[in-house]
There are 2 protein chains.
Amino acid sequence: MPTYPHLPESIRSLSEALSSLPSLGPRQSLRLAFYLSQRDPENLKRLSQDLINVGELKTCGQCFFIHEDKNQVLCPICRDPGRNNKQIAFIEKETELLALEQTAQYRGRYLLLGPLEKNGLLNDLQRSRMQTLKKFIVQELGSSADEILIALSPTRYGDHYADIIKKEFSTLAKRVTRLGRGLPRGGEIEFADDETLGASLEGRN
Amino acid sequence: MPTYPHLPESIRSLSEALSSLPSLGPRQSLRLAFYLSQRDPENLKRLSQDLINVGELKTCGQCFFIHEDKNQVLCPICRDPGRNNKQIAFIEKETELLALEQTAQYRGRYLLLGPLEKNGLLNDLQRSRMQTLKKFIVQELGSSADEILIALSPTRYGDHYADIIKKEFSTLAKRVTRLGRGLPRGGEIEFADDETLGASLEGRN
C-alpha cells in the first residue's frame, strides 16, 4: 500500500489485514476499512466476536472438517451412525462439502484435503491427513473401504491430484470413483466442449 | 444464504456479516469465513482488535474526515495553519481525499460528503455537512470562500451532484471549480471518447 499522509494507523492496519485475505485486493481493502470505520461500534464488536469464534472451532480428527462441539473429537457427520463410514469422499474445500451435503444424495463420510497446491504436489498437511485415513481403513475397515469417491473439480489440477489419490488408495478400496461428467443442467449442446460432450455420451442413460 | 446442514453457526454468522459489506458477495464471504477459521487465533485477535479500533476513530467536526486524536475536535488537515481554509474541496470518499493529498498539490481543506445516493438527492447527513460548511463560510470567512473545488468523479452522478453543490454555494464563494478533464496519462487519443477529447482540446496548454 502507498504511504498515504493522513491515513489513520488503525485504518492502515485493518486494511493490510483485509488485503492478506484471498480475493481481496489492496484498494478494495482500504475502501472496506473506511467503510467499516463508519459502522456502529456495536456492529463492529459483533463482527470482531464472530472472528474470535471461528478461530475457536474444532477440526474433526477424522475428516478434518470444522465443528462446534468442544467436547467432541469428531464432527457430527463422522459421529452419525446412519452414515456409511466405508465410503469416503475426498474434497478440497469446506464449501464443496456443504454443496455435496445439500444434494442429500451422499451418505458416506469425507476427507477434507485443503487447498490444492499450484506445484502439483501434496503438502505436509495433506500427506498427514491421507495417512490418518489409511490408518483408519487398515484398523477399522479391515484394510478395504467400499469406495473412495474423489470429489475434486474436473479441472487440470483436479485430474492431476485425482491420479495421485488413485495411486495411493487403489489397494485400500474396492473401487475408486470420480464425480460423473456430462452436460450441466441448462447447458447447451452446441456450446459444450468436446470432453464434456464425450463424457455425456459415455454416461448416457 | 442457503441453509446448509452442518454449517457451524459461527461460520454462518461471520459469513453473513462479511456479505453485508460492499463488494463482497455471499459465496465469497462464505469462503472467506472458512479461510479465516483456519487462521492462527492470535492473528484473528489482532484483526478483531483492528475492527474495534477503527470504530473508535473520531470524525472531524469541520471536514468530517476521520482522525485518531481523541483530544481534538478537528483533524490534522483542518488544524494545520499552513493550509488555506478559504479553499474547500468537496469529495465523496475518504480514499479520494488520500489520493488528492498524495499529489501534494492541493493545500486547501476538504468537505467529505459521503457516498452519493443513487436517487440523485442529498441525504440528511450530506445536507447537515453542507450546512456546517455554510455556517463556517458565513462566520469565519465573511460569507465568501476563495474557492469551492468540486472534486467529484466526472461521471453522470458526479455531474449531477456538482450542479446541486454549485447552486448551493455560488453566492458563498468567489469561484466554484471542478477538477480538469482531459486525456489521462498513458491514454491513447484514438480510444478517447468525444467528451474527453473535447475537454483536452479546450484545456490545451
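The values are calculated or read from the model by the stated rules, or taken from the named source; none is laboratory data. Everything numeric in this text was worked out from a predicted model, so none of it was measured. In this analysis, Cβ positions are derived from the backbone assuming ideal geometry, glycine residues included, and neighbour counts consider all displayed protein chains. For accessibility, only protein heavy atoms count, side chains too; no ligands or nucleic acids. Shrake-Rupley method; radii C 1.70, N 1.55, O 1.52, S 1.80 Å.
Answer with yes or no whether B:His6 is free of Cβ contacts under 8 Å to residues at least 12 places away in the same chain and open to solvent by 30 Å² or more (accessible area, probe 1.4 Å).
Yes.
When you go through (1) under 17 Å from A:Ser37 (Cβ atoms); (2) surrounded by fewer than 16 Cβ atoms within 10 Å (Cβ to Cβ) one by one for B:Cys75, which number turns out not to apply?
Just one mismatch for B:Cys75, condition (2).
If A:Gly82 satisfies every condition in (1) touching a Lys or Arg at 6+ places or on another chain (Cβ under 8 Å); (2) within 17 Å of B:Leu32 (Cβ to Cβ); (3) surrounded by fewer than 18 Cβ atoms within 10 Å (Cβ to Cβ) but one, which is the exception?
Failed condition: (2).
Given the condition among the small types (Gly, Ala, Ser), at pLDDT below 95 and on the phi < 0 side of the Ramachandran plot, answer yes or no: does some residue in the stretch B:81-98 qualify?
no
Counting only residues that are assigned to a loop (DSSP other than H, G, I, E, B), among the hydrophobic types (A, V, I, L, M, F, W, C) and over 13 Å from B:Ile91 (Cα atoms), which one in the stretch B:102-137 is least open to solvent (accessible area, probe 1.4 Å)?
Once the filter is applied, the top-ranked residue is B:Leu122.
So if I check each of A:Thr155, A:Thr196, A:Thr171, which one is β-branched (Val, Ile, Thr) and in contact with a Leu (Cβ under 7 Å, 6 or more places away or on another chain)?
The match here is A:Thr196.
Run B:Asp163 past the list (1) surrounded by 14 or more Cβ atoms within 10 Å (Cβ to Cβ); (2) under 20 Å from B:Glu96 (Cβ atoms); (3) at pLDDT 95 or above and report the number of the one that doesn't hold.
Only one criterion is unmet by B:Asp163, namely (1).
Conditions: (1) facing chain A (nearest Cβ under 7 Å); (2) surrounded by 21 or more Cβ atoms within 10 Å (Cβ to Cβ). B:Lys45 meets all but one. Number of the miss?
(2)
How many residues does the stretch B:3-21 contain that are at the interface with chain A (Cβ under 7 Å from one of its Cβ atoms) and within 16 Å of A:Lys93 (Cβ to Cβ)?
Of the residues in that region, 5 qualify.
Which residue, of B:Phe65, B:Phe90, is surrounded by 16 or more Cβ atoms within 10 Å (Cβ to Cβ), within 12 Å of chain A (Cβ to nearest Cβ) and either hydroxyl-bearing (Ser, Thr, Tyr) or in contact with a strand residue (DSSP E or B) (Cβ under 7 Å, 6 or more places away or on another chain) (or both)?
Result: B:Phe65 is the single residue among B:Phe65, B:Phe90 that is surrounded by 16 or more Cβ atoms within 10 Å (Cβ to Cβ), within 12 Å of chain A (Cβ to nearest Cβ) and either hydroxyl-bearing (Ser, Thr, Tyr) or in contact with a strand residue (DSSP E or B) (Cβ under 7 Å, 6 or more places away or on another chain) (or both).
If I ask for residues that are basic (Lys, Arg) and either assigned to a loop (DSSP other than H, G, I, E, B) or facing chain B (nearest Cβ under 7 Å) (or both), which ones from the stretch A:22-41 would you list?
Result: A:Arg31, A:Arg39.
Given the condition within 24 Å of the chain's Cα centre (by Cα), part of a helix (DSSP H, G or I) and among the basic types (Lys, Arg), answer yes or no: does some residue in the stretch A:71-84 qualify?
yes
Could you check how many residues of the stretch B:48-59 are in contact with a strand residue (DSSP E or B) (Cβ under 6 Å, 6 or more places away or on another chain) and open to solvent by less than 40 Å² (accessible area, probe 1.4 Å)?
Here the count works out to 1.
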